[in-house]
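The structure under discussion appears below in the form of structure tokens.
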Amino acid sequence: MLSTIGEIYEGRVSGITAFGAFVRLENGETGMVHISEVAPVYVKDIRDHLTEGQEVRVKVIGINESNKISLSIKQADPGYRKEAPAPRERKAPQGEAPRRRSNPPRQAGSAADGPMSFEDMMAKFKKDSDEKMSALKRSTDFRGGKRGGKP
């Protein structure tokens with residue numbers, strides 16, 4: 001039986017790394033829980049939350065082209081809400097007005113659009129890099145190709 005995105009399965013932790021844990025599902029498949037998907041709080045050391053051989057409930061949150069399965073323990077919790085936490089207010093020192101945060105403009109592929117695959121992030125990076133390089137090339141061509149601007 002193949003895993004389905006959005007389904008919740010029982011599994012057993014089969015390995016732990018610094019970046020996540022591998023879980024063998026009840027159907028025989030193995031997936032990975034990234035360290036950010038272990039608990040609804042910041043996880044510094046995954047071994048504080050999981051041990052090898054431990055039984056866990058996981059939700060399938062993604063399957064890539066190579067059939068690698070991404071799992072989440074925190075999203076398998078029925079009480080889990082996928083909301084951004086409220087921004088923390090910083091107390092201004094005595095006599096100062098609180099600073100306002102400026103929010104950068106949203107870009108396509110931002111967290112609001114959902115998680116991006118590694119391939120999508122690389123494609124976006126390459127596109128942005130190519131645009132910057134062509135702008136740099138145009139500016140150096142305009143100046144005659146020399147840094148000082150003198151022909």
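Filter the stretch 112-151 down to residues that are within 18 Å of the chain's Cα centre (by Cα) and exposed (fewer than 10 other Cβ atoms within 10 Å of the Cβ) and give me whichever is modelled with the highest pLDDT.
Only one residue fits best here, namely Phe118.
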So which residues in the stretch 35-45 are buried (at least 18 other Cβ atoms within 10 Å of the Cβ) and either in contact with a Ser or Thr (Cβ under 6 Å, 6 or more places away or on another chain) or not in a loop (DSSP other than H, G, I, E, B) (or both), if there are any at all?
Ile35, Glu37
Gly79 over 23 Å from Phe118 (Cβ atoms), at pLDDT 90 or above and loosely packed, with under 10 Cβ neighbours inside 10 Å
no
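The values are calculated or read from the model by the stated rules, or taken from the named source; none is laboratory data. Everything numeric here is computed off the predicted structure, so don't read it as measured data. Using ideal geometry, Cβ is built from the backbone for each residue, glycine included, and neighbour counts are taken over all protein chains shown.
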